[in-house]
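I have a structure here, written as structure tokens, and I will follow up with some questions on it.
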Amino acid sequence: MRASVAKLAEPPPLPAAGLDRVAAVPADLVAPSGNGENALPVVAVAEVLVPWTPADVKEFTDELVDLSEAKRLSDFVAVAREAKLPESLVREIERDARFPLKSKTGFKTAVAACAAKWLNKSGISAKNKEEAALVFFGAGIWLQGRRLRGKLDELIEQERQKTKAEEKNKAIVP
């Protein structure tokens, strides 16, 4: 009798539309029906991957490009000042070292598109935007702090050298 009833029973319902990844629970985790037979297997529905778009990452990537430009400017200005060039020439070098506007705009667009593409390939869902922002902006703050600390250490060392040289000169002159 059970066999004929089982043949007449309707199959289990299909998963909801749009859920493209479904993982079945192993057989040892299937709930028993109470009559010695196993009930239909329990199915766990995996989270749907929300794709990233360039607009999702534009704020992050734009800051990355802006920080890259700032680093470039800082490097050029530092070299010019170290060479003891006149301040007017240093300002001209700083102005010329900026990224060309059209190239910078195009670069920002391309970086955002590539970042979205790489995030999608990695399997990270755009549902994690807040976490991505936390990591990205936290890393940016940390990197800026390291750069500033390096610059501060350099300035302190220059002052020490200058003080040593002044003390040495004072000791020589009676």
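Just so it is clear, none of the values below were taken in a lab; they were calculated from the coordinates. Computed from a predicted structure; not experimentally measured. Because the Cβ atoms are built from the backbone with ideal geometry, glycine has one as well, and the counts that use them run over all protein chains shown.
Test of understanding: what is the full-extension gain from Arg91 to Trp118, defined as 0.36 nm times their sequence separation minus their Cα-Cα distance?
That pair, Arg91 and Trp118, stretches by 5.9 nm at full extension.
Determine the gain in length on full extension of the stretch Glu82-Ser103; use 0.36 nm per residue of separation and subtract their C-alpha separation, reporting nm with one decimal.
So the extension gain works out to 4.7 nm.
Same structure again: Where in the stretch 132-153 is the amide nitrogen less than 12 Å from a point lying 7 Å along the Cα-to-Cβ axis of Asp75?
Label zone hits: none.
Tell me whether the stretch 56-174 comes out rounded, prolate or oblate; compute the Cα gyration tensor, take square roots of the eigenvalues as a ≥ b ≥ c, and use a/c under 1.5 as the rounded threshold.
Judged from the Cα gyration tensor, the stretch 56-174 comes out oblate (a/c at least 1.5, b/c at or above a/b).
Something else now. Taking the alpha-carbon distance from Lys129 and a cut-off under 12 Å, which aspartates and glutamates remain once sequence neighbours fewer than 8 residues away in the same chain are dropped?
Output for Lys129: Asp56, Glu59.
Rounded to the nearest 0.05, what FRET efficiency is calculated for Glu167 and Arg146 with R0 set to 25 Å and r the Cβ-Cβ distance?
Taking R0 as 25 Å, the efficiency between Glu167 and Arg146 is 0.20.
For the stretch 105-162, with the dipole built from +1 on Lys and Arg beta-carbon atoms and -1 on Asp and Glu ones, taken about the Cα centre, which of Thr109, Gln144, Gln158 lies farthest toward the positive end?
Thr109
Measure off 7 Å from each Cα along the Cα-to-Cβ vector at Ala110 and Val48, then give the distance between these two points in nanometres to one decimal.
Calculated label separation equals 3.5 nm.
For the stretch 135-149, list residues with backbone N below 16 Å from a point placed 7 Å from the Cα of Arg160 toward its Cβ?
149
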